[in-house]
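First up is the structure itself, then whatever we jot down about it.
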Amino acid sequence: MPHNISLPHHRYVWVVPSFVMQAVSKPDLIPAMWIGVSVTPGRSIGCTVLLENGALVVDLPLHALRGADVPYANVDLSAVVAWDCYGWSAEAWQPEALSGLLCGILSPDHKSVIAEGTLWFCIDHTGDGYSQAPDQHKHLWIVERLVDHVLMLLPQDRVLIEELSFTKIKGIPPIKRQTHVWCAE
């Protein structure tokens, strides 16, 4: 039951100092190496980072991280993480064909594109009731919002992926939610 999961490969990120320092003398973002996540039911995903100063920090909330060293504003966790974890077990997956692609970030009601982002990798919960139900199972994508480099955790039905050599996006497609468990025997 992997409660702590290594990322497909480490990512260099920046951390909002108020999340990791007792006294902040300067408000600059802190360079860090993001190496893993933890999943605990009923809690937001926890991020494990190695700070530039050598400190290892576990269970940082995702809204403490930024994808680039740019001027930052505080954001609410609920604005960037769609759901809390719903199981003790998950895996990180980075499909080579999708990682790094641009995407539209859809509104919670799936009716409009509210921002543009870049796909990083996804977290896929396993071994729980939600993951076993086809209409509930979702890959949760780490997406870097381009306007402010805030990292988001979004279910796949809230991202519209742009692959210039393949996709032809004309609005938001009315995708049917899977409801059947398919078996060959």
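Some notes on this structure:
- For the chain, average projected area of the Cα convex hull in nm²: 12.2 nm²
- Contact order for the chain, expressed relative to its length and based on alpha carbon pairs under 8 Å spaced 6+ residues apart, stands at 18 percent.
- Placing unit charges on the Cβ atoms only, positive for Lys and Arg and negative for Asp and Glu, gives the range 33-159 a dipole magnitude near 120 debye about its Cα centre.
- Under-5 Å amide H pairs with Val20, H placed in peptide plane, nonlocal only: none
- Applied to the range 173-178, the Karplus parametrisation 6.51 cos²θ - 1.76 cosθ + 1.60 on θ = phi - 60° returns per-residue 3J(HN,Hα) values of x, x, 5, 7, 6, 6 Hz, with x for Gly and Pro.
- Pairs of Lys in the chain closer than 27 Å at Cα, counting only those 8 or more apart or on different chains: 8
- Using the Karplus relation 6.51 cos²θ - 1.76 cosθ + 1.60 with θ = phi - 60°, the per-residue 3J(HN,Hα) values for the range 110-126 come to 6, 9, 8, 8, 9, 6, 10, x, 10, 6, 10, 7, 10, 10, 10, 5, 9 Hz, with x marking Gly and Pro.
- Stokes-Einstein diffusion coefficient of the range 105-173, Kirkwood radius over Cα pairs, 10 °C, 1.306 mPa s, in µm²/s: 121 µm²/s
No value in this document is a laboratory result; all are computed from the given coordinates. The model shown is predicted, which means the values in this text are computed figures rather than measured ones. Backbone-built Cβ (ideal geometry, glycine too); neighbour counts: all protein chains shown.
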